[in-house]
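This report refers to the structure that appears directly beneath it.
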Amino acid sequence: MKTLLLTGFEPFLDHDFNPTERIVTVLNGEKIGAYEVVGRVLPVDYEMAAPELLNAVDEVKPDAVISLGLAAGRNKITPERVAINVNDGVKDNTGRIPVDEPIVEGGNAAYFSTLPIRQMVNRLQEVGIPAEISNTAGTYLCNNVMYTLLHDFEEKGVNVPSGFIHVPASFELAVESGRWPSWPLETIQRAVEIMIEVLD
Ligand code: PCA
């Protein structure tokens, strides 16, 4: 059986709950499709998130990596097409606000996801779950970890599918703030399982 590293993020900004944290915790150890899932939660911290992801990859030696993040305001499951070499965001959980910084000094401008994002979106739509490819992962932590891992794999010549998927807010967040379109957590989790089933 192959191993999938599935990462989520801790809560951040004014979101007291992060559906991706819950999903990776629940799916940790589960067997889905061809994969056994190793779930890890990353900190929302520009200094620590990517190193923790790279350490997890060293330790787990996964056959594929899917990173998940919350995109409150989106109303679809959105696999990201591309990560860019920029940190420029609102503050992380340590209070840091980078402006126009490269993630990797001298690194490529961008990397494309190496996950089967088109098949993932098609499969979700077939089962009636709204999904589309997103062409921007932003310039916050989600873009940061996606860029860093794709860069690392490219540098090392590692051929492991990897990329990032944003998910909508779940009911827990909407009950709290009322500001976001929201989905049941179970549906977001089911969507993640279906996307794992799409992997070879
Ligand atoms: N979403 C943020 C960071 C953590 C998360 O879950 C993002 O979209 O960058």
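The values are calculated or read from the model by the stated rules, or taken from the named source; none is laboratory data. Here the structure is a predicted model, which is why all the values come from computation and not from measurement. Note that we place each Cβ from the backbone using ideal geometry, even for glycine, and neighbour counts take in every protein chain shown. We work out accessible area using only protein heavy atoms, side chains counted, and drop any ligands, DNA or RNA first. Shrake-Rupley method; radii C 1.70, N 1.55, O 1.52, S 1.80 Å.
Some observations on this one:
- Residue match in the stretch 2-10 (condition: of a type outside the set (A, V, I, L, M), surrounded by 21 or more Cβ atoms within 10 Å (Cβ to Cβ) and assigned to a helix (DSSP H, G or I)): no
- Odd one out for residue 111 among (1) away from the ligand (no atom under 15 Å from the Cβ); (2) assigned to a loop (DSSP other than H, G, I, E, B): (2)
- Residue that is nearest to the ligand (Cβ to nearest atom) [pool: residues in the stretch 175-193 that are of a type in the set (A, V, I, L, M) and within 12 Å of residue 70 (Cβ to Cβ)]: 188
- Identity of the residue in the stretch 126-156, open to solvent by 60 Å² or more (accessible area, probe 1.4 Å) and among the charged types (D, E, K, R), that ends up farthest from the ligand (Cβ to nearest atom): 126
- Some residue of the stretch 77-92 being open to solvent by 40 Å² or more (accessible area, probe 1.4 Å), within 16 Å of the ligand (Cβ to nearest atom) and either touching a Lys or Arg at 6+ places or on another chain (Cβ under 7 Å) or in a strand (DSSP E or B) (or both): yes
- Qualifying residues in the stretch 1-22 (those that are β-branched (Val, Ile, Thr) and within 11 Å of the ligand (Cβ to nearest atom)) - the one farthest from the chain's Cα centre (by Cα): 20
- Note on the stretch 27-48: residues that are open to solvent by 50 Å² or more (accessible area, probe 1.4 Å), within 16 Å of the ligand (Cβ to nearest atom) and in contact with a helix residue (DSSP H, G or I) (Cβ under 9 Å, 6 or more places away or on another chain) total 2.
- Cβ-Cβ under 6 Å pairs, at least 6 apart or on other chains, the stretch 9-38 side more than 17 Å from residue 173 (Cα to Cα), far side part of a loop (DSSP other than H, G, I, E, B) and of a type outside the set (Phe, Trp, Tyr): 36/1; 37/30
- Boolean, residue 54 is outside any loop (DSSP other than H, G, I, E, B), in contact with a Ser or Thr (Cβ under 9 Å, 6 or more places away or on another chain) and within 13 Å of the ligand (Cβ to nearest atom): no
- If you go through the stretch 157-188 and keep only what is surrounded by fewer than 21 Cβ atoms within 10 Å (Cβ to Cβ), touching a residue at least 60 places away in the same chain (Cβ under 8 Å) and farther than 23 Å from residue 14 by Cβ, you end up with 160, 161.
- Apart from one condition, residue 188 fits all of (1) of a type outside the set (Phe, Trp, Tyr); (2) more than 14 Å from the chain's Cα centre (by Cα); (3) within 19 Å of residue 35 (Cβ to Cβ); (4) in a helix (DSSP H, G or I); the exception is (2).
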